[in-house]
Amino acid sequence: MVFEVRGTPSPEREARVRQLAELGFTWADLEEETYWIDQLVMMERKSYDELIHAAEHLWRVFDKAVRYVIGNRDYYEQLSIPEVLWDGLDRLELNVEGFISRYARFDFTVNQEGQIKLLELNADTPTGYVEAAIATPWLCQEQGFDSPNEAMRDLIRAAWEMEAPDHAACIAYGKHVEDTGTLDALVAHSGRQITCVDCLDLWIDEGVVKVGKDQIITKMFALYPKEWMGVDEGGEAFSYAIEERFIELFNPLHAVIMQSKGLQAFIWGLHEEHSAYFTEEEHRSIQTYMLPTYTAPKLKGDYVSKSMFGREGGSVELYDAQGDIEVKDEVGFDTSVFFRRVYQERADLPELTFAHGKRHLLTGLFVLNGTPCGLLGRAGGIITGNSSQFVAIGVKAT
């Protein structure tokens, strides 16, 4: 078996939650909700090594696919990218190969037999960094295990040195516990002097982005989904500031193409055509680690439908073998009211038994500064939604 649940929850949970908070993970418990599972999931070394291999190859595939799409507005439309971003995508220079995004996370299902399938890529604003980079190494060390996640800090520092932002922003900075904590940890690990601000405090004066009375921001890391510039008030002004180079964003604007789940359908379409754009090795990686994905409901049964820009399980619908809807996310916001849907062959998450019951495990893997590193475990229902819990994943020595 690939995964094994280790340990039992401590009766001293409150003390352990305080210890995690001192490290920077302040939302292990939120009011009456228990977010952190006080157990450890251990992964076979062989499967972890293959997961890294899969991520390395798929990262190159996604990077190449973005370069194929750039400059073609028909493709932008097919990928549901808001029109307000098109000029910026065409005018701004792409980052060098492998670095369209420097802060991303793949979400995989890895079953107990070791089969690895990609569910989606969050190449723009992934959360879970604190859980993976701070909590997971500490929890593994507690039980005498090394964690490969310890390398995440150095990779973040390298990424932020390259992008060199002077400000970092999220919605409700100082109020939203998770996003604020994520931003604070990234800034701390960057080693840079950076001012954190609330996105809602930003204002734009003839393309110049400012905060406060007259402080100009020219380089910014934003934990703000770029697709929302097509929906939010002020989004058009912000996108204008980006395309006119009044401000540089990190992740860069082109990360929104990677973020669209429509790109998975685009890649699969090129694969089915056996396009010469991908090498034979890349085609093998697509066939092995990706799932058939389409922009139209071609699959007859056992498939998933979700928005191209859905977050936290919102918009996800699971269909059974007969093509009837089996489960639908009822908690997350259904973003398909704004963005198109994709239809993907179904690959269910493995079910593990924890002290408080059975949960399905989603295996996240960060890609930081172009390097796959950093396991993130999310345990919950068959759809990984906002109510899912964090569980640390360690890797066996052999």
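Excluding the sites themselves, what is the longest stretch of the chain that contains no GluC sites (Glu not before Pro) in a DSSP loop with at most 13 other C-beta atoms within 10 Å? My reading of the result: 114-205 is the longest stretch.
Local charge sum around residue 319 (other residues, Cβ-Cβ under 15 Å, Lys/Arg +1, Asp/Glu -1)?
Details: positive: 298, 300, 306, 328, 341, 346; negative: 302, 317, 320, 324, 326, 329, 345, 348.
Around residue 319, the surrounding residues sum to -2.
Restricting the trypsin sites (Lys or Arg not before Pro) of region 331-398 to loop positions (DSSP other than H, G, I, E, B) with no more than 15 neighbouring Cβ atoms within 10 Å leaves 396.
Taking only protein heavy atoms and a 1.4 Å probe, the accessible area of the chain is 46% carbon and sulfur. Extent along the principal axes, Cα only, for the chain: 58, 50, 37 Å, with the longest axis given first. Extending 7 Å from the Cα toward the beta-carbon at both residue 96 and residue 386 defines two label points whose distance is 4.1 nm.
For the chain, what is the accessible area per residue in Å², given a 1.4 Å probe and the full set of protein chains?
Values: 16950 Å² over 398 residues.
Using a 1.4 Å probe on heavy atoms only, each residue of the chain averages 43 Å².
Run lengths n ≥ 4 of DSSP H only: what is the helix-derived mean residue ellipticity at 222 nm for the chain, with -39500 (n - 2.57) per run over all residues, to the nearest 500? Mind showing how you got there, number by number?
Details: 11 runs with 116 residues, N = 398.
After summing the helix terms and dividing by residue count, I get -8500 deg cm²/dmol.
Normalised by 2.2 N^0.38 Å, with N the number of residues, the alpha-carbon radius of gyration of region 122-199 equals 1.15.
Counting only residues at least eight positions apart within a chain, or on another chain, the aspartates and glutamates with an alpha carbon under 12 Å from that of residue 306 are 120, 317, 329, 334, 345.
Summarising the strand pairing of the chain, around 75 percent of its internal DSSP beta bridges are antiparallel.
The values are calculated or read from the model by the stated rules, or taken from the named source; none is laboratory data. None of these values were measured; they are calculated from a predicted model. Positions of Cβ are backbone-derived with ideal geometry, glycine not excepted, and every protein chain shown enters the neighbour counts. Areas reflect the complete protein model, heavy atoms only, side chains present, ligands, DNA and RNA absent. Shrake-Rupley method; radii C 1.70, N 1.55, O 1.52, S 1.80 Å.
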